[in-house]
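Participant: Structure provided below as structure tokens; questions to follow.
The values are calculated or read from the model by the stated rules, or taken from the named source; none is laboratory data. Keep in mind that what you see is a predicted model, and the values were worked out from it rather than measured. Every residue, glycine among them, receives a Cβ derived from its backbone with ideal geometry; neighbour counts consider all protein chains shown.
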Amino acid sequence: MRPASQVMQLDRLGSFHQSRLSFMRTLVRRMVQEKWHINSVIFDLDKEGYGTAVYEVNAKYGRYSFVLFSHYLDPDNRNDRVIANQWDLTMALCEGSVDAEQLEFLRNNVPKQEAGRVDSRVFVLSRGNRSGRTFDYVVNELANGRQPDIDVIAEVGYLYRTTAAYGSGKLGMADWEKVRTKHRDFARPFAAEMFTCFMLRHFSLQHADYIAAQRAPKTAVSLDENIKRYFGIGNSTGLGMAPFLINHPLLINQWIEQRETALARAVMAGSDGINSAVLARLQAITARVIQHLGEIVTGDEQQNLSNSAVREELRELASWLLDEGDNIVASGYTWAELIDYAEQRWRVETQEVLNTMLIELYPELVDELEELMAVDEDQHLIPQMPLLELKGLIEDKYDWALAIDFTDPDAQGSFWYRSQEKMEPRLGQTHIDMGMDKQMPLAIGRMVQDCYHHICAFITEFPQQDVAHFILQQPSFSGAISRIQTMAQSHYGDIRENLVHRDVLPIHLLRCKLSFFGVSKFDPRSR
């Protein structure tokens, strides 16, 4: 597998794309393979589309209910920020069937979101806002007996977007341990949250059909099944997602390790040469990816330039596969050689697209890894470890952190803080923005280096002492040491970058996490 020094660079992590191991894709495969049944049991909406919808889900191991409330929202009050208190839709995923008493309880609390309170029968709480422009256009077209234009749909790509999805014990909900052990259908990371997004998309299409029929019962038509496939679900993501990758290193290690295992298996499968059938599949996938990148609509010029550059390099790949296909098969050419070529000639974004395509070629080798995406996240302190051993551990595993020159002002030019106004993490500029005294502990490289220097000083005076004695003198480093000792046993958990550098790009953190969710067609609104 590839070394962490290569994989865990921020720009490479930010170049990841959804793959066969992404959570939405593994969920949908599971739903199809296990033949889940989803039935609408309540669809109580008025003529404007406001009201209550309940869907009953019969999965392999249990029954669940998806409960949704549709509300009138003045367009001027439509806000995707965490601080919003009104939304077009609010929803909950619950265990079992929902009776009248529980539905009333949910109706009184789910629309309030953080201001409400639910119980452990609920394991996801979410909300969404509509794309006013696209939703109104689609409904008007359907009401007038016409199918919406695909080119217009592609400009946005969805009718509703999620603005938050809560789980894991928040607000009174079932915690992850209960979901993992008692609801096996959702025992993989973020499976319940992904299903909530799936159901939001399902409702959004029904919602458009319903409102069109209510407005013009004599002329309205339903969305064509083929056109429905052009709709996804939007996701309004802020910096609040970025700290997750830093605060959950064992989980991130597990995700990336399985992805790297999948890539290694794909490369190994082509180690004795590539047959014509596999080559044909790669040609087809390459054409789809080129089309996919060309369909992305974004107002961010840098993203447009990046997408164009990747498409151009993939066209080079497509031409080579077409022109040299017979020679590739006959010569015993390998995927390892293709990856080497890409790393020498192509940008990082294209390299990771290629890696994703290679993973896609071998479902029989890759799909079983989806069962290995969860992990025990406890970090354990080893107090009896000799300090000299810990010092050596840091020098070996955290050489990247020790190499950062924190005397350079730019090296500490940024800091992370939680905005009181926006109620979510923000990235501030040192000595310019307020809040540095309340910065979040996300500078792992600086934390490790500071701990290392204190250990070296302590060893000078007490060379035979262990971690326990050091922590008695320096208790503030207990968290850092438990993280170091735990992560030293993994390969990919720590991002090997100075996350408080003046020029750090948090967008890479968001894109990495979203790629594991299965999100694509990124439209960045900030760095």
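Participant: Going through the range 285-295 one residue at a time, which ones are in a helix (DSSP H, G or I), within 23 Å of the chain's Cα centre (by Cα) and not β-branched (Val, Ile, Thr)?
Facilitator: The answer is Arg288, Gln291, His292, Leu293, Gly294.
Participant: I would also like to ask the following. Ser490: touching a His at 6+ places or on another chain (Cβ under 9 Å), at negative phi and touching a residue at least 40 places away in the same chain (Cβ under 8 Å), yes or no? Give the steps one after another, and end with the answer.
Facilitator: On the way: touching a His at 6+ places or on another chain (Cβ under 9 Å): no; at negative phi: yes; touching a residue at least 40 places away in the same chain (Cβ under 8 Å): yes.
Answer is no for this residue.
Participant: Right, something else. Can you pull out the residues in the range 65-124 that are aromatic (Phe, Trp, Tyr) and within 26 Å of Leu159 (Cα to Cα)?
Facilitator: So the first thing to find is which residues in the range 65-124 are aromatic (Phe, Trp, Tyr), and the list is 66, 69, 72, 87, 105, 123.
Passing the criteria: Phe66, Phe69, Tyr72, Trp87, Phe123.
Participant: On to the next question. So, Ser482, is that one surrounded by 14 or more Cβ atoms within 10 Å (Cβ to Cβ), closer than 19 Å to Pro249 by Cα and in contact (Cβ under 8 Å) with a residue 60 or more places away in the chain or not?
Facilitator: Yes.
Participant: Next question, about the same structure. For the range 464-480, indicate whether the set of residues that are outside any loop (DSSP other than H, G, I, E, B), of a type in the set (S, T, N, Q), within 32 Å of the chain's Cα centre (by Cα) and within 23 Å of Glu301 (Cα to Cα) is non-empty.
Facilitator: For the range 464-480, residues outside any loop (DSSP other than H, G, I, E, B), of a type in the set (S, T, N, Q), within 32 Å of the chain's Cα centre (by Cα) and within 23 Å of Glu301 (Cα to Cα): absent.
Participant: Residue check: is Leu282 in a helix (DSSP H, G or I), over 20 Å from the mean Cα position of the chain (by Cα) and in contact (Cβ under 8 Å) with a residue 12 or more places away in the chain? Let's see the steps before the verdict.
Facilitator: Numbers: in a helix (DSSP H, G or I): yes; over 20 Å from the mean Cα position of the chain (by Cα): yes; in contact (Cβ under 8 Å) with a residue 12 or more places away in the chain: yes.
The answer is yes for Leu282.
Participant: Can I ask one more? State which residue is surrounded by the most Cβ atoms within 10 Å (Cβ to Cβ) when the search covers only the range 46-86 and only residues that are touching a helix residue (DSSP H, G or I) at 6+ places or on another chain (Cβ under 9 Å) and small (Gly, Ala, Ser).
Facilitator: Within the range 46-86, the match that is surrounded by the most Cβ atoms within 10 Å (Cβ to Cβ) is Ser70.
Participant: Given the condition loosely packed, with under 13 Cβ neighbours inside 10 Å, under 26 Å from Pro425 (Cβ atoms) and modelled with pLDDT under 95, answer yes or no: does some residue in the range 93-116 qualify?
Facilitator: Yes - at least one qualifying residue is present in the range 93-116.
Participant: Of the numbered conditions (1) among the polar types (S, T, N, Q); (2) without any contact (Cβ under 8 Å) to a residue 24 or more places away in the chain; (3) more than 26 Å from Ser222 (Cβ to Cβ), Asn58 satisfies every one except a single condition; which is it?
Facilitator: Against the list (1) among the polar types (S, T, N, Q); (2) without any contact (Cβ under 8 Å) to a residue 24 or more places away in the chain; (3) more than 26 Å from Ser222 (Cβ to Cβ), Asn58 comes up short only on (3).
Participant: When you scan the range 296-327, how many residues do you find that are under 26 Å from the mean Cα position of the chain (by Cα), surrounded by 15 or more Cβ atoms within 10 Å (Cβ to Cβ) and farther than 18 Å from Trp346 by Cα?
Facilitator: The total comes to 3.
Participant: Kindly indicate which of Arg483, Arg446, Arg511, Arg426 is more than 28 Å from Gly299 (Cα to Cα) and in contact with a Phe, Trp or Tyr (Cβ under 7 Å, 6 or more places away or on another chain).
Facilitator: Values: Arg483 fails: in contact with a Phe, Trp or Tyr (Cβ under 7 Å, 6 or more places away or on another chain); Arg511 fails: more than 28 Å from Gly299 (Cα to Cα); Arg426 fails: more than 28 Å from Gly299 (Cα to Cα).
Unique residue meeting the criteria: Arg446.
Participant: Going by the structure shown, is Ile359 at pLDDT 95 or above, in contact with a Cys (Cβ under 8 Å, 6 or more places away or on another chain) and either assigned by TED's automatic domain parsing to the domain that holds Gln449 or under 30 Å from Arg265 (Cα atoms) (or both)?
Facilitator: On the way: at pLDDT 95 or above: yes; in contact with a Cys (Cβ under 8 Å, 6 or more places away or on another chain): no; either assigned by TED's automatic domain parsing to the domain that holds Gln449 or under 30 Å from Arg265 (Cα atoms) (or both): yes.
Answer is no for this residue.
Participant: Given (1) surrounded by fewer than 16 Cβ atoms within 10 Å (Cβ to Cβ); (2) closer than 30 Å to Val156 by Cβ; (3) touching a Leu at 6+ places or on another chain (Cβ under 8 Å), where does Arg281 come up short, assuming only one miss?
Facilitator: Failed condition: (2).
Participant: Filter the range 290-320 down to the residues that are under 18 Å from Glu343 (Cβ atoms), out of contact with any Ser or Thr (no Cβ under 7 Å at 6 or more places or on another chain) and modelled with pLDDT of 95 or more and list them by number. First the steps, then the outcome.
Facilitator: Taking the range 290-320 as the starting set, the residues that turn out to be under 18 Å from Glu343 (Cβ atoms) are 306, 309-310, 312-314, 316-317, 320.
Next, from what is left, pick out any that are out of contact with any Ser or Thr (no Cβ under 7 Å at 6 or more places or on another chain): 306, 309, 312, 316, 320.
Within the range 290-320, Ala309, Glu312, Glu316, Trp320 qualify.
Participant: Same structure, new question: Output yes when any residue across the range 388-407 is touching a Lys or Arg at 6+ places or on another chain (Cβ under 7 Å), part of a helix (DSSP H, G or I) and buried (at least 17 other Cβ atoms within 10 Å of the Cβ), and no when none is.
Facilitator: Scanning the range 388-407, I find at least one residue that is touching a Lys or Arg at 6+ places or on another chain (Cβ under 7 Å), part of a helix (DSSP H, G or I) and buried (at least 17 other Cβ atoms within 10 Å of the Cβ), so the answer is yes.
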